[in-house]
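The values are calculated or read from the model by the stated rules, or taken from the named source; none is laboratory data. Just so we're clear, the structure is a prediction, and the values are computed from it rather than from any experiment. Here the Cβ positions follow ideal geometry from the backbone for every residue, glycine too, while neighbour counts run over all protein chains shown. We work out accessible area using only protein heavy atoms, side chains counted, and drop any ligands, DNA or RNA first. Shrake-Rupley method; radii C 1.70, N 1.55, O 1.52, S 1.80 Å.
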Amino acid sequence: MGTIQTLPGTKDILPEEIGYWQYVETIATQILSRAMYQEIRPPIFEQTSLFERGIGEGTDVVGKEMYTFTDRGDRSVTLRPEGTAGVVRAFLQNNLYAAGGVQRLWYCGPMFRYERPQAGRQRQFHQIGLELIGTGDPRADVEAIALATDILKALGLQSLKLDINSVGDRSDRQQYREALVNYFLPYKDELDPDSQDRLERNPLRILDSKDQRTKEINQNAPNILQYLGKESHKHFEQVQQLLTDLGIEYHLNPCLVRGLDYYTHTAFEIQSDDLGAQATVCGGGRYDGLVAELGGGQTPAVGWAIGMERLIILLKQLKTSPQMSPDLYIVSRGEAAEAQGLILAQKLRFEGLTVELDMSGSAFGKQFKRADRSGAIACLVLGDEEAENKMVQLKWLTTKEQEQLTQEKLLNNIGELKEQVDRHKKTTTHSTQ
Ligand code: ATP
Ligand code: MG
């Protein structure tokens, strides 16, 4: 009988890689908290109808990518394919309307979509996302975009490209939609099958088809910017001016669209040349109609989501995974020494030191080798003799200096020990951060 393997499109995130994940989460938390965003953690599964309404039945995500099942209570349940619908539901259910102000939220966690697995595309993947709910001010669009670029820049990523577009408001889009359908109808038979399908359901989405012939046809399609009403035009102009004021470079991309009615005004994407086919690391935009669609009052909002797997593919090209290494490594042998080693480890950890305890019971030589490989700054050594006299050997692995002292003295001079550890750390390069 073989061992059980992960399902297609899912992956273990192993300890050798976890450093990247924690690094990204730390940087994102820092940057988002400085802008006063607070984390929210909605459930990972919700009523199916939330996503049908909140993402839209005409979309690929709802149409063919959702993990939907009936639970034992006969409810239709779906593993969340994205974060926004759940955040907006939580916003409404818990009455998070900030008095007269805006609600700044972010989330991080796994999402589920039944897609064909390939590089940068999984069935369980992870997103960090931000939602700024309660204002239609163009500064909000730009704050959201600026925070996404700040995070990516702080992580050291380069060769990123920001595309922006406006999809106008509901009435702009209605007119544009008609113009598009009129334009595409004569080409109907030449469009790829998905796009033919979208012609009635969701013609705007034809614009982001990846099919070669459809892309050619798209080149001469009417441009949405020509269909923006006065208000929408002004909003988009202001967004562009503010981006310029902040020194954020952008490109206008009239093919960047979201097909659904509650998406309004700004749409944006951040891409990397280093990602191949799955180039988009971050996608977002304004969704002034969603809160009302989910049963709330008319409430404008803007948000984005960063795909963590794709981000980490990029990070791996830049740096090695930050690895953990202990301050102290405890080597012990013999029953009494081993027991004292455990007690010492716990006491030192309590005082704030990072301590790895060797539990192999193997010969001292082997334990020392492992201590070296662990990247520890110093070793604490306990044998029968030390155990009997309540002593310990402190061996600095960087300088090979060694001293013998009582365990009591070691614990009474923790401050000094920490300073010594820090001094030794500065002269070594264990950490890659
Ligand atoms: P794509 O066109 O690549 O399918 P999307 O429009 O479906 O992207 P969004 O719903 O906007 O993507 O999600 C935001 C980000 O989440 C994407 O830019 C991408 O980085 C990431 N993402 C989306 N789907 C997956 C997936 N199946 N596996 C890994 N990352 C994903
Ligand atoms: Mg997709």
With a 10 Å radius around each residue's Cβ, average the other Cβ atoms per peptide and rank 351-361, 198-208, highest first.
198-208, 351-361
How much of the accessible area of segment 328-432, probe 1.4 Å, is carbon plus sulfur, in whole percent?
48 percent
What does the extension gain come out to for Q226 and R423, with contour length at 0.36 nm per residue minus their alpha carbon separation?
64.5 nm
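Assign unit charges at the C-beta atoms only (+1 for Lys and Arg, -1 for Asp and Glu), then state the dipole size of segment 328-432 relative to its Cα centre in Debye, rounded to the nearest 20. Can you show the working numbers first?
Values: 15 positive and 16 negative charges, 100 e Å.
It works out to roughly 480 debye.
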Does segment 1-158 classify as rounded, prolate or oblate by the C-alpha gyration tensor (a ≥ b ≥ c root eigenvalues; a/c under 1.5 gives rounded; else a/b over b/c gives prolate, otherwise oblate)?
oblate
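Quick one: of K347/K409; K390/K418; K153/K230, which pairs are farther than 23 Å apart, Cα to Cα? Can you show the working numbers first?
On the way: K347/K409 13 Å; K390/K418 21 Å; K153/K230 34 Å.
Pairs exceeding the cut-off: K153/K230.
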7 Å from Cα along Cα→Cβ at both L185 and Q47: what's the point-to-point distance in nm?
4.0 nm
Stretched fully, the stretch from T6 through K369 gains (0.36 nm per residue minus C-alpha distance, one decimal, in nm) 127.3 nm
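Let a ≥ b ≥ c be the square roots of the eigenvalues of the Cα gyration tensor of segment 133-194; is it rounded (a/c under 1.5), or, if not, prolate (a/b larger than b/c) or oblate? List each step's numbers first, then the result.
Numbers: a/c = 4.51, a/b = 1.71, b/c = 2.64.
Note, shape of segment 133-194 comes out oblate.
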Report, in whole Å, the centroid distance computed from the Cα atoms of segment 307-321 and segment 152-175.
22 Å
Using 0.36 nm times the number of residues separating K319 and M36, minus their current alpha carbon distance, what extension gain do you get?
99.0 nm
What does the C-alpha gyration tensor say about the overall shape of segment 328-432? Classify as rounded when a/c is under 1.5, otherwise prolate if a/b is larger than b/c, or oblate.
oblate
Calculate, for Q219 and K161, the FRET efficiency according to 1/(1 + (r/R0)^6) with r their C-beta to C-beta distance and R0 22 Å; round to the nearest 0.05.
0.65
Candidates Q298, Q174, Q346: whichever shows maximal mean-square fluctuation once the chain is modelled as a Gaussian network with Cα springs under 10 Å:
Q346
Aspartates and glutamates near K366 by alpha-carbon distance under 20 Å, same-chain residues fewer than 8 away left out - which ones?
D327, E335, E338, E356, D358, D384, E385, E386, E401
Compute the helix-to-body angle for 364-374: its Cα long axis versus the longest principal axis of the chain, expressed 0 to 90° and rounded to tens.
30 degrees
Ordered by packing density, taken as the mean number of other Cβ atoms within 10 Å over each peptide's residues, highest first, how do 271-282, 132-143 rank?
132-143, 271-282
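Can you pick out the pairs among K64/K210; K316/K426; K11/K210; K64/K161 whose Cα atoms lie more than 21 Å from each other? Don't jump to the answer; show the numbers that get you there.
Numbers: K64/K210 18 Å; K316/K426 25 Å; K11/K210 27 Å; K64/K161 29 Å.
Checking Cα-Cα distances, K316/K426; K11/K210; K64/K161 exceed 21 Å.
For the chain, what is the accessible area per residue in Å² when the probe is 1.4 Å? Spell out each step's value before the answer.
Details: 22600 Å² over 433 residues.
Here the per-residue accessible area is 52 Å².
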Taking every other residue with Cβ under 14 Å from the Cβ of L252 and scoring Lys and Arg +1, Asp and Glu -1, one gets -3
